[in-house]
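Each remark here refers to the structure printed beneath this line.
Read the figures in this text as sums done on the coordinates, not as results from a lab. None of the values given here were measured: they were computed from a predicted structure. A quick note on method: Cβ atoms are made from the backbone with ideal geometry, for glycine too, and the neighbour counts reach across all protein chains shown.
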Amino acid sequence: MKKRIRVLDTTLRDGSQAEGVSFSVSDRLVIASKLDEFGVDYVEGGFPLSNPKEAEFFNELKKRRLKKAKPVAFGMTRRKDTSAKEDAGVASLIAAGTPAVTVVAKTWDLHVQAVLRTSLRESLNMIEDTVSHLKSHGLEVLFDAEHFFDGYRDNKEFALKALRVAAGAGADAVVLCDTNGGSLPAEIEVVVRDVASQFELPLGIHTHNDSGVAVAGSLAAVDAGATHVQGTINGFGERCGNADLTALIPNLVLKKGRTCRCGRNLAKLTELSRFVYEVANVSLQNNQPYVGESAFAHKSGLHADAVAKKTTTFEHVTPGLVGNERRFLVSELAGSSALLAKAERYKLLRDKDARRKVLKRIKELERDGYHFEAAEGSFELIARKLLGGYERFFEPLEYRVVVNRKGGEHETVTEASLKVRVGDAMEHVVSEGDGPVNALDNALRKALEPFFPELRNVRLIDYKVRVIDAVAGTAAKVRVIVQSKDHESTWGTVGVSENIIDASWEAILDSVEYKLIKERAERSRK
Ligand SMILES: [Zn+2]
């Protein structure tokens, strides 16, 4: 029976070293509790000595407590030529009040001599003294062997000696670190196997992604006997990042049949990944394995056709296992199967002729510059217009937008006036806005909300404009994609025109029509 894998998440410590990532104390607290909920064994929270934000996080954590995960404070062995008892860094580790601590020490002789500038003997004393002092305070001690793989390559005897000293002083686990991220999986496997043959205590692996193989290196280490893995959510970390737990964990559970406490929550992995992106204010990486938006998106007609017949043909795992979903992108490449699977969600396009009809129309529109990959709302309206199920709730008759910049005052006023027919009523409204699109959106709402109060909870959350390559002799067109949102869902709509306001207007109209149709369909289902 293979041993259970323990997972240490270091998003808050190593992950916060990533360029562009900075976590506040409250960010740290929400991420820690999300990781706890997900089921990681350890949450490494930071470096209490180096950073007051991290020390404050540990103070706050003492009040709240995680349910199952152990919070871990991180620090170094004592400085040279002193004692662990008198060392401020070691004291801050104890003061953090966590049940477990990580102590990092140099296990590469080059670093001892060139960076620490002390003797190999003293560097081993530092390990001995620090680990045994922390053990005497009743702490679980994880020993991070920094630069271990480089050290093993250059001076194997010293690197192994450092581990032996840590183990002898009572370390609970020894974690082999590929700090520079330069080691390849085959080498990691050989080294870990050698270490595993000489040590009884649990071995851990901590890899960086500088060679693009951090996850592969960690998997190789587990194959060779490591039972403790370290990494970050989304692979956040300095330079090229750390081993990405959102790939490492599903690989261990789904591909290698290993067990870990978070294994049963694998279906929450995608949500966890996006949550961390959101809190870190970093945009999603679409092609991220397992959890990316595109991880199970099928575009080519041939692939989509095969996947619709049997999902295993082009999918390595079922997306739902990691909480992700299969998507079929509508595009020029898509055959009718992609369309079918997409439309199945709306119970449209059951028969072949209907599908062919819609596909033909989509292709025409794509030639005109439309794009439906991010505009499912507009896609559904087209399908309904061709096949039935479309209802016209209002008729826009005329709009006018005036942008007036008053000289000298740097104040630009935008006003939109709008005529819309709703049933027998004729609405004529005027609205102001921050710009022409905003003014038009405001005017449309003003005209329609008295008739359709459900529009009050719709918000425009994103607006993107793309210039489409002009064909010789014609003016350039723009494509506008609008993302809208209500309490339950988000949807995209698209407009194309040579006139940016017209393109925007088209996308906004689609958004409103889609909302009204969606609402009507939901009501009739109830
Ligand atoms: Zn690291």
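Annotation: amide H of PHE328 within the under-5 Å range of HIS298, sequence separation 5 or more or interchain, hydrogens built in the peptide plane. For the listed residue pairs LYS385/LYS477; LYS62/LYS85; LYS477/LYS518, the alpha carbons are over 26 angstrom apart in LYS477/LYS518. Taken about its Cα centre, region 454-515 carries a charge dipole of about 200 debye when Lys and Arg each add +1 at the Cβ and Asp and Glu each add -1 at the Cβ.
Counted as membrane-span-like here are DSSP H helices of the chain whose alpha-carbon atoms extend 27 Å or more along the helix's own axis and whose Kyte-Doolittle mean is -1.0 or above; these are 500-525.
When the charge dipole of region 10-280 is built from unit charges on Cβ atoms (+1 for Lys and Arg, -1 for Asp and Glu) and taken about the Cα centre, the candidate among LEU61, PHE199, TRP108 whose Cα reaches farthest toward its positive end is LEU61. A simple charge model with +1 on the Cβ of Lys and Arg, -1 on the Cβ of Asp and Glu and nothing else charged puts the dipole of the chain at about 1780 debye relative to its Cα centre.
Residue exposure proxy: VAL43, VAL478, ordered by other Cβ atoms within 10 angstrom of their Cβ from fewest to most, comes out as VAL478, VAL43.
Is the shape of region 10-280 best called rounded, prolate or oblate, per the rule: a/c under 1.5 gives rounded, else a/b larger than b/c gives prolate, else oblate, with a ≥ b ≥ c the square roots of the Cα gyration tensor eigenvalues? Note, shape of region 10-280 comes out oblate. Amide hydrogen proximity for VAL104: with H placed 1.01 Å from N in the peptide plane, the residues at 5 or more positions away or on another chain lying under 5 Å are GLY75, MET76, THR77, ASP144. Sorting 379-387, 450-458 by average packing, meaning the other beta carbons within 10 Å per residue, from highest down gives 379-387, 450-458. The distance linking region 438-498 with region 389-425 is 13 Å (Cα centroid to Cα centroid, whole angstrom). Averaging Cα coordinates gives a centre for region 111-170 and one for region 187-253; these two points are 20 Å apart. For PRO48, the shell of other residues with beta-carbons less than 14 Å away shows a net charge of -1, using +1 for Lys and Arg and -1 for Asp and Glu.
When each of the peptides 115-128, 229-242, 162-175, 430-443 is scored by how many other beta carbons lie within 10 Å of its residues on average, the order from highest to lowest is 229-242, 162-175, 430-443, 115-128.
Quick check: net charge around HIS316, other residues with Cβ under 14 Å of its Cβ, Lys/Arg +1 and Asp/Glu -1? Value of the local net charge: +3. Sequentially through region 449-459, phi angles give Karplus couplings (6.51, -1.76, 1.60; θ = phi - 60°) of 4, x, 8, 10, x, 4, 5, 5, 9, 9, 10 Hz, Gly and Pro residues having no value and appearing as x. Highest mean first, the peptides 488-501, 256-269, 55-68 sorted by other C-beta atoms within 10 Å per residue fall in the order 488-501, 256-269, 55-68. Other residues within the sphere of radius under 9 Å centred on the Cβ of ILE517, judged by their own Cβ, net out at 0 (K and R +1, D and E -1).
Rounded to the nearest whole Hz, the Karplus-based 3J(HN,Hα) values (6.51 cos²θ - 1.76 cosθ + 1.60, θ = phi - 60°) of region 144-155 follow the sequence 8, 8, 5, 6, 4, 5, 5, x, 4, 5, 8, 8, with x at glycine and proline.
Are any of the pairs LYS135/LYS255; LYS68/LYS255; LYS352/LYS419; LYS255/LYS309; LYS70/LYS256 more than 28 Å apart by Cα-Cα distance, and if so, which? Long pairs (Cα-Cα over 28 Å): LYS135/LYS255; LYS352/LYS419.
Amide H to amide H, with H built 1.01 Å from N, ARG6 comes under 5 Å of HIS228, VAL229, counting only residues 5 or more places away or on other chains.
Would you mind telling me the antiparallel percentage of the DSSP bridges in the chain, rounded to 5? Approximately 50 percent, going by the DSSP bridge assignments.
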